[in-house]
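Remarks on the structure that follows.
The values are calculated or read from the model by the stated rules, or taken from the named source; none is laboratory data. Since the model is a prediction, treat every value here as computed from it, not as a measurement. Every residue, glycine as well, gets a Cβ built from its backbone with ideal geometry; the counts of neighbours run over all protein chains shown.
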Amino acid sequence: MAQQIEDGTGTGNRAKVENNRLHTEALTLGNFESAVLNGNAYNVNTELLSITTDTEHALLYLKNNEDNDIVIESWFIGTDVGTNGANLGIIKAYFEPTGGTIISGGTTTTVVNRKGGDSKTAQVDCLKGGQGFTATGVGTPVLYQTQSATSRVFGNIKLALESGKSIVITYDPNGAETINIYAGFQFYVTK
């Protein structure tokens, strides 16, 4: 007796078998794409900040207050109107800063759902700093990248933050001040 594989959605479609092979069509989505479609992916950035002194400045702080992990899919940094163009500034990311003026006095920044029209919000603390803001209690940077005076960088970084954990992005002008800069993350909440 012949067996049939039928579409379970009620369309009446059946699978085709040809030369002893079952014909199928599949759509594969990565975790980030799936999170976007389900309204669990977010974007955050500092918008443009002006840096005029040659010390390390805390730009963006993100703390996970979700019950589940957050995966930072990518980071992006843009600079413009830099002077001392021969020098390259240095972008760093540190896990678990324990203090600093970005945590105690940073400005809350908007976290945007990457699915237009979705009302879900991420349970995070997200603060922007900039000129003169600090991050303390940081160790070895988990990410380290040079940044020229007028460029945009987008990096697929794949970092995870457990519930209650945090990360901060800093910028060390390394002699490349004055500069306008922004930094941000794309991230999703795991389910």
Please work out which residue is surrounded by the most Cβ atoms within 10 Å (Cβ to Cβ), limiting yourself to the stretch 6-56 and to residues that are outside any loop (DSSP other than H, G, I, E, B) and in contact with a Leu (Cβ under 8 Å, 6 or more places away or on another chain). Asn45
Within the stretch 43-62, residues over 12 Å from the mean Cα position of the chain (by Cα) and farther than 17 Å from Asp80 by Cβ come out as Thr53, Asp54, Thr55, Glu56, Ala58
Residues in the stretch 124-178 that are among the aliphatic types (A, V, I, L, M), modelled with pLDDT of 90 or more and under 18 Å from His57 (Cα atoms) total 7
Check Gly8 against each of (1) without any contact (Cβ under 8 Å) to a residue 60 or more places away in the chain; (2) touching a His at 6+ places or on another chain (Cβ under 6 Å) and name the one condition it does not meet. (2)
Where in the stretch 133-179 are there strands (runs of 3 or more DSSP E), lying wholly inside it, with at least 3 residues that are surrounded by fewer than 21 Cβ atoms within 10 Å (Cβ to Cβ) and not hydrophobic (A, V, I, L, M, F, W, C)? 143-147, 151-161
Residue list for the stretch 105-132, filter: surrounded by 20 or more Cβ atoms within 10 Å (Cβ to Cβ), touching a helix residue (DSSP H, G or I) at 6+ places or on another chain (Cβ under 9 Å) and in a strand (DSSP E or B): Leu127, Lys128
